[in-house]
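Okay, so here's the structure we're looking at.
Each value in this text was obtained by applying a stated rule to the coordinates, not by laboratory testing. Computed from a prediction, not measured in an experiment: that's the story for all the values here. Positions of Cβ are generated from backbone atoms using ideal geometry, with glycine treated the same way; all protein chains shown enter the neighbour counts.
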């Protein structure tokens, strides 16, 4: 028997060095396989996680197009300002799927190490973002999961039709499987975040300590028999397993699979066909739910770029695996909280505050990058119910300001307000790629055509009708969701209906406001000084602005009646001022522009609009006299 004391000093040193190298190798292998360490113990910090400068990017509340643009901006800011790693702090109920995809793409594109900190909720889109990070840590009260797809509109939450759900589910499952393979999560279990009918059984590889979650087919291939029925899964309820002839997708986990079915009957689980070695495509996709259609499985297999490292579970390997028990029964989307997030292999540590986060990453400096105030303003103006109200008000202000500016030439204030409202309609959506350039062009061209109708070719003709149509279409286009060129195209038709309804209602409201302004102009403190008061006194009753602007309005007998001649004091482009019998009057050129100092003749005259045309200096006035 060899005693330790009889071994030479050199031999002891060699033995200790070999033991140290073996320990480091085991630690590296554990990290590389993605096996989550026990959160109650202290383990060596991987070099890749070491971050002297740590940037915390917060995502709170609903996720939308503004959130995705904001996160992209903050990731670039962290990269540019010397961050070594990024922490995505999540406290969100989820949000728009397109915005979630943009965030996960940005996370995969960055060269920095990414950590998702679930503090305290990461539901739906939040959980999709979390698994896209290199690792996940959680707060003690964290909640995670339930990424089922729902549709939220102005009428509330609604489910999707089976075909529609399958269309959106395929890319979502591909997204989750890609994250699972890249970051060490179980690629079958992760599908239960977004799909129903994903039954899994948890086993542990006794050689590495890594847990796997097997499908029914994989379980049978490994242990040579069907899994025992009746056991309570960690997530779900065995009493709610779907019938074989049930619809492949449900509106949500609380909806009965069949009409009139309350769930209080004995159910037979769906048994998948085939063997675990029959995977989909070159990437080796293993479908988690037996009701994935062939088209879905083919689409997912093509979309996933990373090849699977998941073993084929055969009876020859049964001795190397220990059965822990049923994990999910497929009756509900995977939803976890607290310690169960680590138990299912997602969380690697429990982090309660910033100080513990610094210790976990070894950070010397921590900087928080929150959403800016301007981004909050864009959210208010483009997202949710508030955006519809804000945009409706802006449309009314824009149209009413435009009307007042046209009816009171030279005022300027109303036109400036209309310009600000126009900017509020088109600029915020463009900042989040929720409006195309055609909307701005349509509105501007529509306004120009209406101005042409008013000042150049009076009468309700082709320019006026075309301008009105373009104006309405442009205003509706400002309601297009992010990524859509037109409301209702590539999305729900309800968005188009709501946009059209709000625009029409706003136009009627602006019309009512224009009538009130024109009816009571003479009572307004500033506006009553901008109209021809002598013309007002010549009428038995006070005229209205709308009536005075009409092409059929009766001629005014004031300072510039029809046929009166005068001289322009300013250039008419097309509006300006002219002098008639020593009195200065605001006028509008009927055709083309007229230079200052030109002789003019009044061709139409109302209370609020005097239209003139240029006359030759040697022409005679209608009364036989000479022109001024």
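Computed over region 325-372, the convex hull of the alpha-carbon atoms projects to a mean area of 5.7 nm². By the count of neighbouring beta-carbon atoms within 10 Å, fewest first, 376, 119 end up ordered 376, 119. By other beta-carbon atoms within 10 Å, ranking 372, 70 with the fewest at the front produces 372, 70.
The residue 508 and residue 377 beta-carbon pair, evaluated with R₀ = 41 Å, returns a calculated FRET efficiency of approximately 0.90.
Over all directions, what mean area does the Cα convex hull of region 59-150 project, stated in square nanometres? Across all orientations, region 59-150 yields a mean hull projection of 5.3 nm².
For region 323-339 versus region 162-207, the inter-centroid distance based on Cα atoms is 13 Å.
Placing R0 at 22 angstrom, the Cβ-Cβ distance between residue 306 and residue 208 gives a FRET efficiency of 0.65 after rounding to 0.05.
Provide the packing ranking of 320-331, 130-141, 71-82, i.e. peptides ordered by the mean count of other C-beta atoms within 10 Å per residue, highest first.
The peptides rank, most packed first, as 130-141, 320-331, 71-82.
Using 0.36 nm per residue and subtracting the Cα-Cα separation, the extra length available between residue 497 and residue 81 on full extension is 145.2 nm.
In plain terms, the residue of 427, 100 with the fewest other Cβ atoms within 10 Å comes first and the most crowded comes last, giving 427, 100.
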